[in-house]
1. Taking the condition of being more than 16 Å from the ligand (Cβ to nearest atom), touching a residue at least 12 places away in the same chain (Cβ under 8 Å) and either buried (at least 23 other Cβ atoms within 10 Å of the Cβ) or part of a loop (DSSP other than H, G, I, E, B) (or both), how many residues in segment 284-298 meet it?
2. Pick out the one residue from Ile124, Ile23, Ile103 that is surrounded by 14 or more Cβ atoms within 10 Å (Cβ to Cβ), in contact with a helix residue (DSSP H, G or I) (Cβ under 6 Å, 6 or more places away or on another chain) and not polar (S, T, N, Q).
3. From the list Val193, Val152, Val199, pick out the single residue that is more than 25 Å from Tyr357 (Cβ to Cβ) and touching a Ser or Thr at 6+ places or on another chain (Cβ under 6 Å).
4. Kindly establish whether Gly312 is at pLDDT 95 or above and within 13 Å of the ligand (Cβ to nearest atom).
5. Can you name the number of the only condition in (1) modelled with pLDDT under 95; (2) surrounded by fewer than 18 Cβ atoms within 10 Å (Cβ to Cβ); (3) not aromatic (Phe, Trp, Tyr) that Gln138 fails?
6. Look at segment 54-81 and say how many of its residues are of a type in the set (Asp, Glu) and either surrounded by fewer than 18 Cβ atoms within 10 Å (Cβ to Cβ) or assigned to a loop (DSSP other than H, G, I, E, B) (or both).
7. Ser358 passes all but one of (1) under 15 Å from Ala57 (Cβ atoms); (2) more than 9 Å from the ligand (Cβ to nearest atom); which number fails?
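The values are calculated or read from the model by the stated rules, or taken from the named source; none is laboratory data. Keep in mind the model is a prediction, meaning the values are calculated, not measured. Please note: Cβ atoms are built from the backbone with ideal geometry, for glycine as well, and neighbour counts cover all protein chains shown.
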Amino acid sequence: MKNYGKFGGQYVPKELKIRLDEIANAFNEAKKDKNFVNEYLNYLNQYVGRPTPLYYAKRLTEYAKGAKIYLKREDLNHTGAHKINNALGQILLAKRMGKKHIIAETGAGQHGVATATVCALFNIKCTIFMGDVDIKRQNVNVEKMKLLGATVKSVDGTLKEAVDEAFSYLQENPDAFYLIGSAVGPYPYPEIVKYFQSVIGKEARKQILKLEKKLPKALVACVGGGSNSIGLFSNFIKDKDIDIYGVEAAGLGIETGYHASAISTNKIGIMHGMKTYLMLDEKDNIKEAYSISAGLDYPGVGPEHAFLNFNGRVKYSSITDKEAVEAFKLVTNMEGIIPALESSHAIAYALKIARNYSKEDSIIVNLSGRGDKDLENIFDYIKNNMD
Ligand SMILES: *Cc1c(COP(=O)(O)O)cnc(C)c1O
């Protein structure tokens, strides 16, 4: 699918379109090739550690006084989040295309680390584009990428500029494969990322049917670019009576302007080769996003989410830094699971809506990653917000 209603598309120069078409053709063939799919599934099993559990969070459920809360444990994947599912799939595609050089963008460094990891695994040259501002903020991940053998290239700016740089490099270099980190960008990227993340929803569906003998009443996932969420949602979208909730980051509050809730702005524009909801200022320039969780501060959203908002199939809302940190503490204390701050947004929202459903029903929340990477951030936040 090239377009999602009026969203999506391929807003790129001709020279880049040639590369994208090549990738789209290779992807559409690879999907039909049993050997390719089996190789991907094998690595998910042997290297990533899938399937991940669908865990019944009993104490959180008692606390929320509503439907049973199940956590899909993407935090238990190798490297600690869902990003590896996609990195692995795309590098197998790149290998199949005979590409000798992987490039990727990274903001907080999580996707950079996932990409550097699979490049080490397959012994492929790896270059990560990263904003100079982020390189200063995310030193541990920069060192991790280097340790894994990647070259980190500094770009003036932050995540947005790093993505722009990766696309221009792809345009100029036929040997390179751009391994994008979320369900964003021009066709075919949103489709590719959805495909490789949809393993989350496929497993979750099987698991909940086994555990509960019926489908859940609701799904909840956090939305940065939208990959962990579309990965969970895609296998349930046709089940019209399941409520689906996407949760963006409200940062300090939507009204303050310091947030990362692109959908909530209801402004549409073009960025990174796609038409979608964007955070724009009065002059329609793209604003920088803000959230306590680095993985959610992208000033746009994947085009399929834009469409699912537009047609009303998925309900999007947002959770503030404060609410996310509170949920983070609850999950840590009540379940002995330290969730990523991104995932804490989804959990905070699930705790709000659980009461709308009966105790016989269930809700699946995607626990997209583990929180070890966020600890310093959280300690700072708690210190600065004591009163
Ligand atoms: C990157 C990241 C996200 C946000 O990215 P999506 O593409 O929206 O999934 C969410 N959770 C974790 C743990 C991440 O690392």
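1. Going through segment 284-298, the residues more than 16 Å from the ligand (Cβ to nearest atom) turn out to be 284-288.
From what's left, touching a residue at least 12 places away in the same chain (Cβ under 8 Å): 284, 286-288.
Applying the additional criterion that residues be either buried (at least 23 other Cβ atoms within 10 Å of the Cβ) or part of a loop (DSSP other than H, G, I, E, B) (or both) yields 284, 287-288.
So the answer is 3.
2. On the way: Ile124 fails: in contact with a helix residue (DSSP H, G or I) (Cβ under 6 Å, 6 or more places away or on another chain); Ile23 fails: in contact with a helix residue (DSSP H, G or I) (Cβ under 6 Å, 6 or more places away or on another chain).
When all the criteria are applied, what remains is Ile103.
3. Working: Val152 fails: touching a Ser or Thr at 6+ places or on another chain (Cβ under 6 Å); Val199 fails: touching a Ser or Thr at 6+ places or on another chain (Cβ under 6 Å).
When all the criteria are applied, what remains is Val193.
4. Details: at pLDDT 95 or above: yes; within 13 Å of the ligand (Cβ to nearest atom): no.
In short, no.
5. (2)
6. Here is the first cut: in segment 54-81, the residues of a type in the set (Asp, Glu) are 62, 74-75.
This time we only want the ones that are either surrounded by fewer than 18 Cβ atoms within 10 Å (Cβ to Cβ) or assigned to a loop (DSSP other than H, G, I, E, B) (or both), so: 62.
Qualifying residue count, segment 54-81: 1.
7. (1)
For every residue, the table says whether it meets (1) touching a residue at least 12 places away in the same chain (Cβ under 8 Å); (2) over 18 Å from the mean Cα position of the chain (by Cα).
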site: Ile244; (1), (2): yes, no
site: Leu252; (1), (2): yes, yes
site: Thr256; (1), (2): no, yes
site: Ala260; (1), (2): yes, no
site: Lys267; (1), (2): yes, yes
site: Leu278; (1), (2): yes, no
